[in-house]
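Everything on this sheet refers to the single structure shown next.
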Amino acid sequence: MEIAANITLSALAQQFLVGLSRTTILFIVSSGLSLVLGVLRIPNVAHGSLYMLGAFLCYSISLFFGGGSTGFWMALVLAPLCVALISLAVERGLFCHLYDREHLMLLLFTFSFMLLFKDLVKLVWGSDYRSLSAPEILQGSFSVLGMPFPRYNLFLLVLGPLVALGLWFLTNKTKIGKIARAAAVDREMVAAVGINVSWVFAAVFVIGCFLAGLGGALVAPTQNITQGMDHTLIMETFLIVIIGGLGNIWGALLGALIFGLTDSMGVLIWPQFAIVFPYVAVVIVLMFRPKGLLKATW
Amino acid sequence: MLEVKDIHTYYGLSHILFGVSLTVSRGEIVCLLGRNGAGKSTIMRSIMGLTPPRQGSVVFSGENITGKKPHHVARLGIGFVPDDRRVFADLTVGENLEISERKGGKLEPWSIERLYDFFPPLRRLDSRKAGLLSGGEQQMLTIARALMTNPEFLLLDEPTEGLAPLIVSMMEDQILALKEAGLTVLLAEQNQRTALRLSDRGYIIDNGVIRFHGSIEELRANEDIRRKYLLV
Ligand SMILES: Nc1ncnc2c1ncn2[C@@H]1O[C@H](COP(=O)(O)OP(=O)(O)OP(=O)(O)O)[C@@H](O)[C@H]1O
Ligand SMILES: [Mg+2]
């Protein structure tokens, strides 16, 4: 067994960057999940399906606009918006009547939506996998300490902090963000000062789902777009949200970093068993901080 | 201004209010006296629409508000100060006030600036997280937050509970100042001294039923009633 043999500095750097780009996707998707969980108290199991939907929509919208660079950029903007629109309809049509029910009900409800979206995707796109190429400007790679690093990943690395910054701004600097933080803890008092909490919830739900769609659209050029792509992701994002602290988007960032980096470093250290590293990290975190790393809003 | 007629309110299966009726006229401070668990807070929650009554009606300024959603009730001009304070703990004092701001109302409008003049200790706490304030400071903040919605009518649930004597008398002065400013107040109290000092009229509630109502002079004179329903 060759564990950790000849790990060079450049390989380390390369895997580190790969891990960070994975972190970006994981963060974008799990921050959305965390937002919805924290403010609306809905454990949205269908969040992964929205991610998958985002990826398929990105593919189709890109084709619709003739593929290539234009297609991709249009799709990157429109696919998450479509996902947001669908989630708005679901929220206004159904979830908004259910907020007073117990969590188990909501969980089952989102579960049924996961199944529904799965069939919907199968119906529309069939069971073949799809693939989409990155726009020209992001194709190819450049070298980091002599190792190739895909340009598209660099793009993800730039985007991740931007999304984090946007979320920080939204939750701390805008009125709706402040209201959402108040409603996460005490929705009754938010209503008692004359705020229609229902619309605040709708907005937060839509933003959360938008992030799932954005994650899906962003991941589309990096892997096959398949029926089952939501499965591992939903599991990963729930674990990330749990180790980060329920409802805390900075916790989601921390969790995504842990998950993304242990995953990529694991590949370097023990390739055959790389997949277990993040899960071991989760177990270790939960042993020491059963409620997650940062303060949960629950 | 406010007319509560024969309301029955439940928490799930437990029947709490049994046909409660009361009225409050414009410009009055009316107190609601009663022991622990008598139903004072439940009356306030019923008016606010947080726990809507299953029977009976609540009419405010001529409008039937029974069963209306709390945010509608708030927008019609009723401010709510709950007994357990419930400031938005994760937000700063300033943010607590900012998100509660609502234009309108018939009285002189409140602004954050005017509220800091009204409750001076809050000014230097502007950027402090509300969860870190002392009990008295939180109480000022909950009242200030309710005032930011520019209400004409205030539901004050035990505003002096658990406060140091000095703060209690300061709070009493501020409540009287609010009356001067034109607000109408329904005040729930266990503290008889505060209630008798501030109010024009009073109701005594026990086990979800109104046992007595009258002017504050009558209430002060009628020691039997007070002993019977208020002594623990
Ligand atoms: N959320 C609830 N669920 C079930 N029962 C409740 C709930 N809140 C209050 N009660 C019950 O309703 C009754 C009236 O309570 P309420 O809070 O209105 O009394 P109160 O007069 O405000 O008392 P206090 O002076 O302690 O504030 C009590 O018996 C209490 O146990
Ligand atoms: Mg009470």
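The values are calculated or read from the model by the stated rules, or taken from the named source; none is laboratory data. Everything numeric here is computed off the predicted structure, so don't read it as measured data. Here the Cβ is made from the backbone with ideal geometry for all residues, glycine too, and neighbour counts use every protein chain on show. For the accessible areas, the whole protein counts, side chains as well, though only heavy atoms, and no ligand, DNA or RNA atoms are used. Shrake-Rupley method; radii C 1.70, N 1.55, O 1.52, S 1.80 Å.
Among the helices (runs of 4 or more DSSP H) lying completely within the range A:212-298, list those that include at least 2 residues that are touching a Leu at 6+ places or on another chain (Cβ under 6 Å).
Hits in the range A:212-298: A:229-244, A:249-269.
Taking A:GLY194 as the residue in question, decide whether it is without any contact (Cβ under 8 Å) to a residue 24 or more places away in the chain and over 23 Å from A:GLY213 (Cβ atoms).
The answer is yes for A:GLY194.
Pairs only if they're at least six apart or on different chains, beta carbon under 6 angstrom, first in the range B:155-168 and more than 20 Å from B:GLY49 (Cα to Cα), second within 15 Å of ligand 1 (Cβ to nearest atom) and part of a loop (DSSP other than H, G, I, E, B); list them, first residue then second.
The qualifying pairs are B:THR160/B:ASN191; B:VAL168/B:THR160.
Select from the range B:139-167 the residues that are more than 14 Å from ligand 2 (Cβ to nearest atom) and open to solvent by 20 Å² or more (accessible area, probe 1.4 Å) and list them in ascending order.
B:LEU163, B:ALA164, B:PRO165, B:LEU166, B:ILE167
Mind checking which residues of the range B:31-59 are away from chain A (no Cβ under 14 Å) and away from ligand 2 (no atom under 16 Å from the Cβ)?
Within the range B:31-59, B:PRO53, B:ARG54, B:GLN55, B:GLY56, B:SER57, B:VAL58, B:VAL59 qualify.
Might you let me know whether the range B:85-106 holds any residue that is away from ligand 2 (no atom under 16 Å from the Cβ), outside any helix (DSSP H, G or I), modelled with pLDDT under 95 and away from chain A (no Cβ under 14 Å)?
yes
Any idea which of A:LEU78, A:LEU138, A:LEU88 is under 16 Å from A:ALA220 (Cα atoms), modelled with pLDDT of 95 or more and open to solvent by less than 70 Å² (accessible area, probe 1.4 Å)?
Exactly one of A:LEU78, A:LEU138, A:LEU88 is under 16 Å from A:ALA220 (Cα atoms), modelled with pLDDT of 95 or more and open to solvent by less than 70 Å² (accessible area, probe 1.4 Å), namely A:LEU78.
Within the range B:212-232, can you find the residues that are more than 20 Å from the chain's Cα centre (by Cα), open to solvent by less than 100 Å² (accessible area, probe 1.4 Å) and within 16 Å of ligand 1 (Cβ to nearest atom)?
Selection gives B:ARG226, B:TYR229, B:LEU231.
Taking the range A:151-184 on its own, how many of its residues are free of Cβ contacts under 8 Å to residues at least 12 places away in the same chain and polar (S, T, N, Q)?
Of the residues in that region, 2 qualify.
Looking at the range A:207-229, is at least one residue within 14 Å of chain B (Cβ to nearest Cβ), touching a Pro at 6+ places or on another chain (Cβ under 7 Å) and not acidic (Asp, Glu)?
Within the range A:207-229, not a single residue is within 14 Å of chain B (Cβ to nearest Cβ), touching a Pro at 6+ places or on another chain (Cβ under 7 Å) and not acidic (Asp, Glu).
Please indicate, with yes or no, whether at least one residue in the range B:25-39 is within 24 Å of B:HIS71 (Cβ to Cβ), in a strand (DSSP E or B) and touching a strand residue (DSSP E or B) at 6+ places or on another chain (Cβ under 8 Å).
Yes, the range B:25-39 contains at least one residue that is within 24 Å of B:HIS71 (Cβ to Cβ), in a strand (DSSP E or B) and touching a strand residue (DSSP E or B) at 6+ places or on another chain (Cβ under 8 Å).
Restricting to the range B:57-82, name every residue that is farther than 18 Å from A:ILE195 by Cβ and more than 16 Å from ligand 1 (Cβ to nearest atom).
The answer is B:SER57, B:VAL59, B:PHE60, B:SER61, B:GLY62, B:GLU63, B:ASN64, B:THR66, B:GLY67.
Before we move on, is B:LEU97 away from ligand 1 (no atom under 13 Å from the Cβ), surrounded by fewer than 21 Cβ atoms within 10 Å (Cβ to Cβ) and not acidic (Asp, Glu)?
The answer is no for B:LEU97.
Give me the pairs: first residue in the range B:41-54 and closer than 17 Å to A:ASP186 by Cα, second residue within 10 Å of ligand 1 (Cβ to nearest atom) and basic (Lys, Arg), beta-carbon distance under 9 Å, and six or more apart or on different chains, which are they?
Going by the 9 Å Cβ cut-off, the qualifying pairs are B:THR51/B:ARG45.
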